[in-house]
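Visitor: Handing you a structure now.
The values are calculated or read from the model by the stated rules, or taken from the named source; none is laboratory data. Everything numeric here is computed off the predicted structure, so don't read it as measured data. Virtual Cβ from ideal backbone geometry, glycine too; neighbours counted across all protein chains shown. In case anyone asks, the SASA skips ligands and DNA or RNA and just uses the protein heavy atoms, side chains included. Shrake-Rupley method; radii C 1.70, N 1.55, O 1.52, S 1.80 Å.
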Amino acid sequence: MPGVDGYLQLARQHGCSDLHLSAGEPPLLRRNGELWPMKSGPLDDGELHALLLELLNEAQQLAFEAGEDLDFAYELGGHGAFRVNLFRKVGGIAATFRVIPEEIPSLDELGIPHAVRRLLDSPHGLILVTGTTGCGKTTSLASMIDHLNGSRKLNIISLEDPIEYIHPSRQSLVIQREVGTHVPSFSAGLREALREDPDVILVGELRDTETIELALIAAETGHLVLSTLHTRGAVKTVDRVIDALPLEQRPQGANVLAHELLAVLSQCLVLNAERSARRAVFETMLVTPAIGNLIAGSKIHQIRSSIETGREAGMQTLDQALMQALEAGEIDPDDAYLYAHDKRPFQRLVKDPSLLPQVSLVGR
């Protein structure tokens with residue numbers, strides 16, 4: 001058994017989201033968003049190198065020794081799977097292991113808004129799940145695919161880098177393809193998927209212009225496309241998609257986006273009221289005719305106001321979602337304050353005064 005397995009077992013047993021191994025440092029566990037060093041001493045570069053090479057196949061070893069970073073999934077028998085990123089840094093090598101939950105959470109367990117769930121029955125269009133790295137985007141998409149797989153007869157093609165959750169076909173046929181193993185890139189996989197009679201296409205990430213263009217074409221030609229972007233908030237997401245297009249294509253791209261974008265679900269993970277775990281909180285934008293007109297008319301800056309006033313349609317800004325969760329006693333007020341865009345309404349609820357802006361008495 002590879003020597004790193006003991007660290008991974010410990011990470012899962014303690015409910016951690018990540019394990020960090022770095023030459024010259026002790027192993028670190030991330031639990032509820034914070035890093036904690038393990039009691040064992042620092043790992044030297046040679047020791048860590050030997051531990052990590054045990055996880056690699058021959059092709060991966062050759063690629064890493066040639067200077068490439070590696071992204072792959074590692075299955076630990078009886079203890080689930082982990083997403084691994086292996087890289088070099090000043091002083092040696094390092095690796096980050098993301099703990100993948102052993103079961104796919106349901107839409108209810110994640111708290112996916114009902115307005116977005118209804119859109120999963122759409123015959124075509126684009127749904128984007130956004131947020132920072134490590135906020136649970138992959139899990140939200142996996143939950144959506146699991147829901148479709150168990151409730152409808154569809155051909156679902158999933159392009160991932162790497163594959164994390166395994167989806168055995170149930171009501172649907174689920175075909176999972178990994179970038180670097182089965183297809184060279186998201187864009188190549190998406191181009192091929194369009195020839196494979198898909199109903200639903202999952203694209204792990206819209207990384208580049210070509211992938212964004214193909215995702216819009218797929219949505220426009222009668223497919224439901226699910227994907228992610230590393231953006232915070234619906235407004236920035238729309239901006240990112242349009243700005244990624246060549247300048248001369250942006251007006252047409254904005255028009256296509258206005259018609260094919262169904263929703264943007266932007267999420268963050270916030271500590272619960274007991275500070276014992278984190279839960280997802282969602283900003284939700286649904287592309288109503290009014291918001292579609294704003295996108296097509298390049299009035300992106302006005303979208304936030306439409307979200308704020310769209311509660312009856314199922315929309316909410318992140319601040320509205322945070323306040324609703326706070327009032328229900330579901331999340332920690334200090335953590336909510338840190339994630340809020342407009343922090344003023346949250347100041348009265350903060351428990352830790354050191355988080356609040358300090359008032360200067362100079363000149364009084």
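Visitor: Could you tell me which label, among [x] 22.1; [y] 26.4; [z] 21.6, carries the value of Kirkwood radius over Cα pairs in Å calculated for this structure?
Guide: Of the labelled values, this structure produces [x].
Visitor: Looking at region 94-158, which GluC sites (Glu not before Pro) are DSSP coil and have at most 15 other C-beta atoms within 10 Å of their C-beta?
Guide: Qualifying residues, ordered by number: GLU102, GLU103.
Visitor: Follow-up question, since we're still on this one. So if the hydrodynamic radius of region 209-362 is defined as the Kirkwood radius over C-alpha pairs, what does Stokes-Einstein give as its diffusion coefficient at 25 °C and 0.890 mPa s, in µm² per second?
Guide: In µm²/s, the coefficient is 143.
Visitor: For THR133 and HIS49 in one chain, what is 0.36 nm times their gap in residues minus the Cα-Cα distance, to one decimal in nm?
Guide: So the extension gain works out to 27.7 nm.
Visitor: Quick check on packing: order 295-304, 189-198, 230-239 by the mean number of other C-beta atoms within 10 Å, highest mean leading.
Guide: So the peptides 295-304, 189-198, 230-239, ranked by packing, come out 230-239, 189-198, 295-304.
Visitor: Next up: Quick check: Cα centre of region 268-316 to Cα centre of region 108-132, how many Å?
Guide: Their Cα centres are 12 Å away from one another.
Visitor: On the accessible surface of the chain, probed at 1.4 Å, how many percent belong to carbon and sulfur atoms?
Guide: Its accessible area is 51 percent carbon and sulfur atoms.
Visitor: Report, in whole Å, the centroid distance computed from the Cα atoms of region 16-75 and region 181-229.
Guide: Between the Cα centre of region 16-75 and that of region 181-229, the gap is 31 Å.
Visitor: Next up: How much accessible surface does HIS223 have with a 1.4 Å probe, in Å² rounded to 10?
Guide: 20 Å²
Visitor: For region 126-175, just the Cα set please: Rg and Dmax, both in angstrom.
Guide: Reported Rg and Dmax, both Å: 11.3, 33.
Visitor: Right, next: State whether region 1-104 is rounded, prolate or oblate according to the following rule on the C-alpha gyration tensor (a ≥ b ≥ c being the square roots of its eigenvalues): a/c under 1.5 gives rounded; otherwise a/b larger than b/c gives prolate, and the remaining case gives oblate.
Guide: It comes out oblate by the Cα gyration axes.
Visitor: Test of the criteria: in region 39-71, which GluC sites (Glu not before Pro) are in a DSSP loop and have at most 13 other Cβ atoms within 10 angstrom of their Cβ? Walk me through the numbers before you get to the answer.
Guide: Values: sites: GLU47, GLU54, GLU58, GLU65, GLU68; in loops: GLU54, GLU68.
Within region 39-71, the qualifying GluC sites (Glu not before Pro) (loop, at most 13 other Cβ atoms within 10 Å) are GLU54, GLU68.
Visitor: A further question on this structure: Note down the relative contact order for the chain as a percent, whole number, built from C-alpha pairs under 8 angstrom at least six residues apart.
Guide: Relative contact order here is 13 percent.
Visitor: Still on this structure, please answer the following. Label THR181 and HIS259 with points 7 Å out from Cα along Cα→Cβ: what is the distance between them in nm?
Guide: Label at THR181, label at HIS259, 3.8 nm between them.
Visitor: Roughly speaking, what is the stretch gain from ARG31 to GLN13, that is 0.36 nm per residue apart minus the C-alpha to C-alpha distance, in nm to one decimal?
Guide: Value of the extension gain: 5.4 nm.
Visitor: Something else about it: Distances over 16 Å make up what percent of all Cα-Cα pairs in region 175-247?
Guide: 47 percent
Visitor: Continuing with this model, one more query. Keeping all protein chains in place, calculate the accessible area per residue for the chain (probe 1.4 angstrom), answer in Å².
Guide: Here the residues of the chain average 47 Å² of exposed surface.
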